[in-house]
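To start, the structure itself, in C-alpha cells.
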Amino acid sequence: MNYPSRTIEEAVQEIARLPGIGKKSALRMALHLLKADKSQAYGLSRSLLNLVEKTTYCRECFNISDSDLCQICGSHRRDSALLAVVQDTKDVLAIENTGQFTGKYHVLGGVISPVQGIGPHQLNIDALVNRIGTHPEIREVILALSPTMEGDTTAFYIKKKLSDFDLKVSTIARGIPVGGDLEYTDEITLGRSILSRIDF
C-alpha cells in the first residue's frame, strides 16, 4: 500500500499492531484522527501514556489497578469469604458484568500450558496459597477457569495445592461450552454458572 506521507505510514503500522485491526482499518483510524479536532488525538495519546505509565497490579489479587490495592480488594462491601480464581483481568470483567458475584478475585496471569512453556511457577499460584494461608476468613475458593485442557490442568493443580486447607473448593458449572473462553460467554450463562457452581 502506498501512503501519502511517512508519518501516516508510521501511524498505520503502529495502529495495525493492535489485535483485530488490519492495515485498512488502521488507515481509516489514522485518517479520522488527522481530520478530527486535535484535542481528540491529544486525548487519545494522553490516555495511552497513562495506561502504560500509571497502571499497576494489585498486590493482593494481581488484577490491573491504579494503586497498590485495587478497588475490589479494598472494598468492605465484598465478601472476603469467597475467592474466585481466574486466568486474567478479562475474566474479572466478564464475571463482574454478570452482577452475580460479590466476593473477591485472584488473577493467575495465565494457565498451565506445557506446550507454550508455561509452568505453575510462572503463574500467581504460590501467591494464592500464601494468601489463603494468611487470610483465614476465606472459606471457599471458586476455580473460575475456562473449561479447556489447560484450564482443567490448572484447576487440578490448584486443588491439589489447597488440599491442606480447611475450605471448600468449587468450580463454575459447565454451562460454559467446553473449549470456550469466559470473556466470550454471554452474561446470563456466565451468571448462572457462577450461581450454580459445584464442588471441584
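The values are calculated or read from the model by the stated rules, or taken from the named source; none is laboratory data. Here the structure is a predicted model, which is why all the values come from computation and not from measurement. Here the Cβ is made from the backbone with ideal geometry for all residues, glycine too, and neighbour counts use every protein chain on show.
Odds and ends about this structure:
- Whichever residue in the stretch 164-180 is out of contact with any helix residue (DSSP H, G or I) (no Cβ under 8 Å at 6 or more places or on another chain) and farther than 15 Å from ILE138 by Cβ and, among such residues, is modelled with the lowest pLDDT: VAL178
- Scan of the stretch 1-60 for residues that are charged (D, E, K, R) and part of a helix (DSSP H, G or I), ordered by number: ARG6, GLU9, GLU10, GLU14, LYS23, LYS24, ARG28, LYS35, LYS38, ARG46, GLU53, LYS54
- Residue match in the stretch 116-135 (condition: in the same structural domain as VAL85 (by TED's automatic domain parsing), of a type in the set (A, V, I, L, M, F, W, C) and within 17 Å of LYS90 (Cα to Cα)): yes
- Residue match in the stretch 78-91 (condition: surrounded by 12 or more Cβ atoms within 10 Å (Cβ to Cβ), part of a strand (DSSP E or B) and not assigned by TED's automatic domain parsing to the domain that holds LEU128): no
- The sole residue among LEU145, LEU190, LEU167, LEU108 that is among the hydrophobic types (A, V, I, L, M, F, W, C), crowded, with 17+ Cβ neighbours inside 10 Å and farther than 21 Å from TYR57 by Cα is LEU190.
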